[in-house]
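Here is the structure we will look at.
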Amino acid sequence: MHVHAAHDHDSTPVAMRVKLLTLAAVVLPPIALAVAMWLAWGGWFGWTFLVMLVVGYMLTAMGITIGYHRLYTHKSFEASPAVAWTFGILGSMAVQGPLMWWATTHRRHHQHSDHAEDPHSPHAGREPGIAGWAKSFAHAHIGWLFDRELRGSVMRYAPDLAADARAQAISRTFVLWVVLGFAIPAAIGGLVMQSWMGVLLGFLWGGVIRMFLVHHATWSVNSVCHIWGWQTYRSGDHSRNNPAMGILAMGEGWHNNHHAFPASARHGLQWWQFDISWITIRSLAAVGLVSGIRLPSPERLESKRVDARPA
């Protein structure tokens, strides 16, 4: 979670509250996981909570990958109002910050990928040695969330979203969707078990632990996918295709493909590169809910291959 204001200058008290909320979102979920595992050891677990965890993970992760990322940030396809609202709300439930902040930060990452102004590069400013490597990895994975230099760049990086009434509305109501993202699984757990323990277990497994797993899958694209994997295409940075993250991050782990072709709605560009977000987008297009899908042409794909000879 990173609740971030979209204004150019935040007061010190507001900045401190943002940092405290971010710290809580990083530190508390592992504690919640330990509590849930202890309760599960005592028999307080069941299929209901496993299903809520898996379904909640997939829905909110695709809220980020399809909604926040491919639709709003890169505009790689056009969506009906129902789809645009749904995936924007699901992305908000992932608790990774308001839509405006998320899109702005990601566009900044692309514009300065692995250079000084990249908000979460494991390479920019890297110090030598193992300690330097560990510090850079930690910064790319989590540390960047506490950097005040991330503030105030909406009009520079996302003026189109600043003029988008739907994006603004989703961003303004971020806290509402976050609360519902925890309240819904808690209510389901309470109804299924007819007890307050069910409410607690639903809150933990379908809410906090689900958020924890989605957070680290997303953050791993920033860290892991700029270090481990391979490069198929020239992208001008250290982005890598990583098959493990391709699956866990709903297709986002084909990160070199994405950096080479940022506007592409499909990240897994080879038939064997599993990209469930792309499968979902294509399925929505088949029933008329998505249109204007942007994909790189075969000629562009070939021209940017690492082993391709320049024309």
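This table checks each residue for (1) free of Cβ contacts under 8 Å to residues at least 24 places away in the same chain; (2) among the acidic types (Asp, Glu); (3) within 30 Å of Leu301 (Cβ to Cβ).
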site	(1), (2), (3)
Phe174	no, no, no
His215	no, no, no
Ser220	no, no, yes
His226	no, no, yes
Met245	no, no, yes
Asn256	no, no, yes
Trp271	yes, no, yes
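Among the residues making up region 257-294, those that are more than 16 Å from the chain's Cα centre (by Cα), within 25 Å of Trp85 (Cα to Cα) and aliphatic (A, V, I, L, M) are Ala263, Ile279, Ile281, Leu284, Ala285, Ala286, Val287, Leu289, Val290, Ile293.
Considering region 39-51 alone, what residues qualify as being touching a residue at least 60 places away in the same chain (Cβ under 8 Å), assigned to a helix (DSSP H, G or I) and surrounded by fewer than 24 Cβ atoms within 10 Å (Cβ to Cβ)? Result: Leu39, Thr48, Leu50.
When Ser121 is tested against (1) under 21 Å from Gln96 (Cα atoms); (2) in a helix (DSSP H, G or I), just one condition goes unmet, and that condition is (2).
What are the residues in region 226-247 that are buried (at least 21 other Cβ atoms within 10 Å of the Cβ) and either aromatic (Phe, Trp, Tyr) or under 14 Å from Asp275 (Cβ atoms) (or both), if any? Across region 226-247, the qualifying residues are Tyr233, Asn241, Asn242, Met245, Gly246.
When Met197, Met155 are screened for being farther than 23 Å from Met58 by Cβ, part of a helix (DSSP H, G or I), at pLDDT below 95 and not charged (D, E, K, R), only Met155 passes. Just one residue in the set Gly132, Gly56 is farther than 17 Å from Ser220 by Cβ and touching a residue at least 40 places away in the same chain (Cβ under 8 Å); that residue is Gly56.
Residue count for region 158-171, restricted to those that are crowded, with 18+ Cβ neighbours inside 10 Å and in a helix (DSSP H, G or I): 4. Exactly one residue out of Ser235, Ser220 is small (Gly, Ala, Ser) and under 15 Å from His141 (Cα atoms), and it is Ser220.
Out of the residues in region 94-120 meeting the condition of being over 11 Å from the mean Cα position of the chain (by Cα) and among the aliphatic types (A, V, I, L, M), tell me which one is modelled with the lowest pLDDT. Ranking the candidates gives Ala116 first.
Determine whether Ile89 is touching a helix residue (DSSP H, G or I) at 6+ places or on another chain (Cβ under 6 Å), aliphatic (A, V, I, L, M), crowded, with 23+ Cβ neighbours inside 10 Å and assigned to a helix (DSSP H, G or I). Taking the combined requirement at face value, the residue does not satisfy it. Scanning region 192-250 for residues that are within 16 Å of the chain's Cα centre (by Cα) and among the aromatic types (Phe, Trp, Tyr) gives Phe212, Trp219. If the condition is being in contact (Cβ under 8 Å) with a residue 24 or more places away in the chain and either among the small types (Gly, Ala, Ser) or loosely packed, with under 13 Cβ neighbours inside 10 Å (or both), then region 289-304 contributes Ser291, Gly292.
The values are calculated or read from the model by the stated rules, or taken from the named source; none is laboratory data. Since the structure is predicted, the reported quantities are computational estimates derived from the model, not experimental observations. So basically every Cβ, Gly included, is an ideal-geometry build from the backbone, and we count neighbours across all protein chains shown.
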